[in-house]
Amino acid sequence: MILIADGGSTKTSWGLIGETGKTTVFETEGYHPFFVDRSYISQSLHRSIPEDIREIAPEVTSVYFYSAGGGYSKKTDSVITDGVTSVFPKAEIFVETDLLAAARALLQNEAGFAGILGTGTNTCIYNGEKVIHNIESLGFLLGDEGSGSYIGKKIIGDYIRGYMPSNVEKQYKTYCGMTADELFDQLYTKPSANKFCAQFSRFVGENLHRDEYYRKVVYDSFNDLFNNIVIHYPGYRDYSFNCVGSVAYHFQPILENVVSEYGMKMGKIEKEPLEGLLEFHLAR
């Protein structure tokens, strides 16, 4: 039996491929190895994996864990490996990047451009087997343009600085329920600031029809993604724009406009990569 995990910052989607090719899908919380340790992963998995999966855990021979924080170092990869091994003791654990997951899910064995627009951002050129060019997204603090956390940061910043139209400010204040000081405290003293910011992209999505301000925030975020990252890939216009992630999925019409303005063709947009990953591994 083979277990596939798509591990984002917010949640992990799992797909078990049985001996007959039948798949079973379930979810747990996200396990970014920069922000959690091996004991946290172990305890969370023991609590949250379904009972029927727990019963057959010793029969799982391989786990392919595609991680938002995977592939950076042996130290961080071991956080995932050790945490997962405690639940699936006989499985060989392969930690891969979430970027490779996106590329495999979107393109299978074809070459092309693949990206992620979820809580965070990542992009690459894929040759049909591996990622051959990746421009660093710089993460939550320095980059992640176009992501949910980036949109959230823009919203929070505009609110604190008083840049929002009055009607939008009123809507946000009601939705957020926090003062500027409380927002600063949340961002700078509490964990998971990236996920905290990303939640406000949902607020933006729910209010797109209410004011042009919301559409502009999303448009500007995608424009920053292209200006700071996408256009720096040599020959980027030769590729179609393929992307996974909730932000790409829910704001697809605005994303399509930006993609077109920069001379790329729109490719596949998927909310999550798991289905494509299962297809990829079933074909192997």
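The values are calculated or read from the model by the stated rules, or taken from the named source; none is laboratory data. Owing to the predicted nature of the structure, the values given are computational and were not obtained by experimental measurement. Backbone-built Cβ (ideal geometry, glycine too); neighbour counts: all protein chains shown.
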>> Considering only residues that are more than 25 Å from K265 (Cα to Cα), under 22 Å from the mean Cα position of the chain (by Cα) and of a type outside the set (K, R), which ones fall in the range 202-237?
In response: F203, V204, E206
> For the range 72-96, which residues satisfy the criterion of being of a type in the set (V, I, T) and without any contact (Cβ under 8 Å) to a residue 12 or more places away in the chain?
Replying inline: T85
> When residues of the range 200-229 are filtered for being more than 30 Å from H133 (Cβ to Cβ) and hydrophobic (A, V, I, L, M, F, W, C), how many remain?
Replying inline: 4
>> The conditions are (1) modelled with pLDDT of 95 or more; (2) assigned to a helix (DSSP H, G or I), and N194 fails exactly one of them. Which is it?
In response: (1)
> Inside the range 13-59, can you point out the residues that are in contact (Cβ under 8 Å) with a residue 60 or more places away in the chain and polar (S, T, N, Q)?
Replying inline: S13, T23
> Going by the structure shown, is S221 crowded, with 16+ Cβ neighbours inside 10 Å, closer than 18 Å to G152 by Cα and modelled with pLDDT under 95?
Replying inline: no
> Of all the residues that make up the range 30-48, how many are buried (at least 18 other Cβ atoms within 10 Å of the Cβ) and at pLDDT 90 or above?
Replying inline: 4
>> Any residue that is under 29 Å from E256 (Cβ atoms) and β-branched (V, I, T) - is there at least one of those in the range 77-93?
In response: no
> In this structure, is G15 outside any strand (DSSP E or B) and under 28 Å from N242 (Cβ atoms)?
Replying inline: no
> From the list V247, V258, which one is surrounded by 16 or more Cβ atoms within 10 Å (Cβ to Cβ), over 27 Å from Y175 (Cα atoms), of a type in the set (A, V, I, L, M) and at pLDDT 95 or above?
Replying inline: V258
>> Contact list please: Cβ distance under 6 Å, first residue in the range 166-177 and assigned by TED's automatic domain parsing to the domain that holds I151, second residue hydrophobic (A, V, I, L, M, F, W, C), pairs at least six apart or on different chains.
In response: Y175/F203
>> Going through H232, H250 one at a time, which residue ends up being closer than 23 Å to T12 by Cβ and not acidic (D, E)?
In response: H250
> Restricting the search to the range 255-279, which residues are under 14 Å from A103 (Cα atoms) and in contact (Cβ under 8 Å) with a residue 60 or more places away in the chain?
Replying inline: G267, K268, E270, E272, P273, L274, E275, G276, L277, L278, E279
> Name the helices (runs of 4 or more DSSP H) wholly within the range 51-168 that hold at least 2 residues that are buried (at least 21 other Cβ atoms within 10 Å of the Cβ)?
Replying inline: 74-85, 98-107, 148-161
